[in-house]
Amino acid sequence: MNDNSRTVTSRARKPLDRELENALRKVFGFPHLRPGQDKVIHSVLDGADTLAVMPTGAGKSLCYQLPALQLDGMTVVVSPLISLMRDQAAKLVEAGVATAVINSTLSTTEEREAMEAVTAGEIRILFVTPERLVNAEFTATLTGKDMPAVPLVVIDEAHCISQWGHDFRPAYVELIHAIRTLGRPPVLALTATATPSVIDDIVRELQMRRANVIHTGVYRDNLHFAVEQLTNPEEKRARAIELARTLEGSGIIYCATVAECEALHAALVEADVSAERYHGKLSASARSEAQDAFMADDVRVMVATNAFGMGIDKPNIRFVLHAQVPGSLDAYYQEAGRAGRDGEAAKCILLFELKDKQVQQFFLGGRYPNAETIRRVAEAVRDLAR
């Protein structure tokens, strides 16, 4: 861990003051905080840069929503997913918290109305995409005359800032410039998983000052993990269909390829399993319709590639199956962790056969340059230097 961060170890919990307790119960409907939330909230309210690594379903959102009600001005939340910010904003508005969302899906009229509410000081929490916040014109608008102060910037899904993260998003690297333009308020970075390398990347790229790194662990005792080894793709697909038919509740089946996603979805529909599919080659409208149907329990099973999932807040997912091995342990934890967000028992089953390894080796081959390419680049650089 680099010199700009320090890990917060377990210690006696500071009690919440009465105003915080009232907001926790009356606004959000929770009788008490979950483990780790109190440390993060106190760190934020103390004005410290904070990196919180908390498992899926541990209540990361409350770690900025509760402080935002205590801070003067408007908290800015950077979220990579439009659907996620839409869902979170809707829940906050329902709870009576003045919230606005600004992203590329808004009409000119909707964006103007949102900015008018911001200018009037009516908004407590503003959700934006990283691409919007790093837009110099937009940031300059937020710092204009009579604009509300920004006492906190929240970076959700902060692992996207890391070149080692599985969801790398280039605009995240530029966020520090926007944060400086806003007057360099305290930063709260949130993620469900982060290796030591990714933690260092986040702290460095956001230039966090003596960051409190609060890691609550990744263990969730309501998730039951299993691996089943099958002998061939046909047997594995049959087993996935059998599990989807017999396991109770809604679930996600992850595939490593679009082809398998399509094939398995078709097989499930043929087997009378209520299922939708989601992958990057579908149109935006088709993906949105599939996600809405799954979230509303209109279909029971979602067959998807890793294009589906980051930020999905559906509490009653009872199983997550992996019909093919994911690219990394970190990716597997992120995807399996979408089960059981309500704290009830859920199953996470990995179906494995030897050809799965070939798929991931193929992906790795296209992701990194081979030795010959590296040699030629090195020679070209050396020649230029001469």
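Checking every one of the GluC sites (Glu not before Pro) in region 73-167 against DSSP loop status and a limit of 13 other Cβ atoms within 10 Å picks out Glu122.
Our coupling estimate for region 284-290, obtained by passing each phi through the Karplus curve with A = 6.51, B = -1.76, C = 1.60 and θ = phi - 60°, is 4, 5, 5, 5, 5, 5, 5 Hz, Gly and Pro reported as x. Computed from phi, the 3J(HN,Hα) profile of region 185-193 under the Karplus parametrisation 6.51, -1.76, 1.60 (θ = phi - 60°) reads x, x, 10, 10, 9, 10, 7, 8, 9 Hz, with x in place of Gly and Pro.
So how tilted is helix 233-246 from the main axis of the chain? Cα-based, degrees 0 to 90, rounded to 10. Rounded to the nearest ten degrees, it is 60. In this label model, Ala95 and Arg245 are separated by 4.2 nm, measuring between points 7 Å along each Cα→Cβ vector.
Express the relative contact order of region 5-215 as a whole percentage, based on alpha carbon pairs under 8 Å and six or more residues apart in sequence.
Details: 346 pairs, mean separation 67.5, N = 211.
Here the relative contact order equals 32 percent.
With a Cα-only, solvent-free Debye model of region 5-215, what are the log10 I(q)/I(0) values at q = 0.09, 0.16 Å⁻¹? Calculated log10 I(q)/I(0) at the listed q: -0.32, -1.08. For the chain, lysine pairs with C-alpha atoms less than 17 angstrom apart, excluding pairs fewer than eight positions apart on the same chain, total 9. Among the GluC sites (Glu not before Pro) found in region 205-309, those both in a DSSP coil and sparsely packed, with 12 or fewer other Cβ atoms within 10 Å of their Cβ, are Glu248.
The fraction of all Cα pairs in region 30-76 landing in successive 5 Å bins from 0 to the largest distance is 4, 21, 34, 24, 13, 3, given as whole percents.
Going by the alpha-carbon gyration tensor, a ≥ b ≥ c the square roots of its eigenvalues, is region 223-353 rounded (a/c under 1.5) or, if a/c is not under 1.5, prolate (a/b greater than b/c) versus oblate?
rounded
When only Cα pairs below 8 angstrom with a gap of at least 6 residues are kept, region 135-278 shows a relative contact order of 18 percent. Across Pro151, Pro31, Pro67, mean-square fluctuation computed from a Gaussian network of the chain (C-alpha pairs under 10 Å connected) peaks at Pro31. Grouping the Cα pair distances of the chain into 10 Å bins from zero gives a pair-distance distribution of 5, 21, 29, 25, 14, 5, 0 percent in increasing distance order. Of the residues Gln207, Gly327, Pro148, the one whose Cα sits farthest toward the positive end of the charge dipole of the chain, with +1 on the Cβ of Lys and Arg and -1 on the Cβ of Asp and Glu, is Gln207.
Between 0 and 90 degrees, the angle of helix 258-270 with respect to the longest Cα principal axis of the chain falls at about 70 degrees.
Along the chain, the exposed loop sites are chymotrypsin sites (Phe, Trp or Tyr not before Pro) outside DSSP states H, G, I, E and B with at most 15 other Cβ atoms within 10 Å, and the longest stretch free of them is 220-386. Largest GNM mean-square fluctuation across Ala256, Ala226, Ala339, computed for the chain with C-alpha springs under 10 Å, falls on Ala226.
Read-outs: derived from the displayed coordinates by stated rules, not from any lab. Only a predicted model underlies this, so the values are computations on that prediction, with no experimental measurement involved. Note: ideal-geometry Cβ built from the backbone for every residue, glycine included; neighbour counts use all protein chains shown.
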